[in-house]
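Asks: Quick one: the structure is below, questions incoming.
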Amino acid sequence: MKFSAGTFAIGLGALGECFADCGERFGEFIAVGGAVAYLPTDGTNAPDFLLAGGSTLPEAQVCYAIACQGTHAQPFAHLIRFEAATGYHTITLSSLLDACLEIAETRQAGVAIIAESAGLVGAALRRSPVSARAGSDLFAFPDIREWLSFTAEPAHTKSSVLLAGVALGGECEGLAGWVRPLCGATTEKPSVSGHLHAAAFSYRPVAKGKIELKQSIGALYEGQSLEGILHVLSDERGQGSRESEFVRGACWVAPIAKIYSEEARG
């Protein structure tokens, strides 16, 4: 897949020339704003990225992905700035996405977020799915510990983070198999589901005022250190639930007009 300025995507992929070259490295990836980054599953645990150069588009080998494409180079209809209210230290991801959907007057949207993190909650693949045995259950205990790495505690606190993905304020048949609740079902928090990936960078305050997504993402990759990539989740283990939280930042939101599936045939 090649990623134009008007496209953003998340899924499992790798940087390389062909599928065979990437077979043992496929991991979580995020592509937005002319950059694509992924977390290899070859044991190095060191994220890698590729930026667009001139007229050349960044590309990746992809196992599967959710890709959102706009009709214009800037697909987002709304820029929303946010900051935790006085008396509150942070804002949760589910509350943030619920507000984005309300402001954009839609119940399904593609979102990109640049924020100052108070902690990310999620998981990442530890092994490439290409190496899975036919018929094996990757989520069965105890084998799941070899396949997935979960955040025991919120990770990447006091970091700058880039998130991208889809958010739903209700049911959507076209995305039913791709999204999960982003807050506990028994809580009084907004009922939002979604599928988002996050790239964490060394800390730098998010610029105030109106900012451009592509330029802001370029500044992240070129001026800060890429520290990790996660599939963000709500953690239901133990008492209560935990989710990713932020201090302040910016959201770009675009209502989703049409959903379709496409299977690549080799």
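Asks: Residues of region 68-105 being among the hydroxyl-bearing types (Ser, Thr, Tyr) and more than 20 Å from the chain's Cα centre (by Cα), which ones?
Replies: Correct list: Thr71, Thr86, Tyr88.
Asks: Given the criterion touching an Asp or Glu at 6+ places or on another chain (Cβ under 6 Å) and more than 20 Å from Val179 (Cβ to Cβ), identify the matching residue among Thr71, Thr90, Thr56, Thr86.
Replies: Thr90
Asks: Filter region 53-66 for residues that are under 19 Å from Phe19 (Cα atoms) and in a strand (DSSP E or B) and give the result.
Replies: Correct list: Glu59, Gln61, Val62, Cys63, Tyr64, Ala65, Ile66.
Asks: Still on this structure: For Glu222, indicate whether it is in a loop (DSSP other than H, G, I, E, B), at pLDDT 85 or above and of a type outside the set (A, V, I, L, M).
Replies: Here the answer is no, as Glu222 does not meet what is asked.
Asks: Which residues, counting only those in region 35-49, are of a type in the set (Val, Ile, Thr), without any contact (Cβ under 8 Å) to a residue 60 or more places away in the chain and either assigned to a loop (DSSP other than H, G, I, E, B) or open to solvent by 30 Å² or more (accessible area, probe 1.4 Å) (or both)?
Replies: Correct list: Thr44 only.
Asks: Would you mention how many residues in region 16-45 are over 17 Å from the mean Cα position of the chain (by Cα) and of a type in the set (A, V, I, L, M, F, W, C)?
Replies: The total comes to 4.
Asks: Looking at region 11-32, which of its residues are open to solvent by less than 10 Å² (accessible area, probe 1.4 Å) and more than 23 Å from Glu146 (Cβ to Cβ)?
Replies: If the condition is that a residue be open to solvent by less than 10 Å² (accessible area, probe 1.4 Å) and more than 23 Å from Glu146 (Cβ to Cβ), then Ile30, Ala31, Val32 are the ones that fit.
Asks: Still on this structure, I have one more. Give me the residue from region 145-177 that is open to solvent by less than 40 Å² (accessible area, probe 1.4 Å) and free of Cβ contacts under 8 Å to residues at least 40 places away in the same chain and, out of that set, farthest from the chain's Cα centre (by Cα).
Replies: Trp147
Yes/no per residue for (1) of a type in the set (Phe, Trp, Tyr); (2) at pLDDT 90 or above; (3) closer than 15 Å to Ala35 by Cβ; (4) assigned to a strand (DSSP E or B):
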residue	(1), (2), (3), (4)
Lys158	no, yes, no, no
Ala164	no, yes, yes, yes
Glu171	no, no, no, no
Cys183	no, no, no, no
Thr186	no, no, no, no
Gly194	no, yes, no, yes
Ile211	no, yes, no, no
Gly218	no, yes, yes, no
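Asks: Looking at Ala140, Ala134, can you tell me which residue is out of contact with any Gly (no Cβ under 7 Å at 6 or more places or on another chain), over 20 Å from Leu233 (Cα atoms) and at pLDDT below 80?
Replies: Ala134
Conditions tested, residue by residue: (1) closer than 18 Å to Ser191 by Cβ; (2) part of a helix (DSSP H, G or I); (3) in contact with a helix residue (DSSP H, G or I) (Cβ under 8 Å, 6 or more places away or on another chain).
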residue: Ser95; (1), (2), (3): yes, yes, no
residue: Cys100; (1), (2), (3): yes, yes, no
residue: Ala109; (1), (2), (3): yes, no, yes
residue: Ala118; (1), (2), (3): no, no, no
residue: Ala123; (1), (2), (3): no, no, no
residue: Val130; (1), (2), (3): no, yes, no
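Asks: Those residues that are over 17 Å from Cys68 (Cβ atoms), among the aliphatic types (A, V, I, L, M) and open to solvent by 10 Å² or more (accessible area, probe 1.4 Å), I need them from region 230-262; list them, please.
Replies: Leu230, Leu233, Val247 - these are the residues of region 230-262 that are over 17 Å from Cys68 (Cβ atoms), among the aliphatic types (A, V, I, L, M) and open to solvent by 10 Å² or more (accessible area, probe 1.4 Å).
The values are calculated or read from the model by the stated rules, or taken from the named source; none is laboratory data. The structure presented is a predicted model; accordingly, all values stated were derived computationally and were not measured. All Cβ positions, glycine included, derive from the backbone under ideal geometry; neighbour counts span all protein chains shown. We work out accessible area using only protein heavy atoms, side chains counted, and drop any ligands, DNA or RNA first. Shrake-Rupley method; radii C 1.70, N 1.55, O 1.52, S 1.80 Å.
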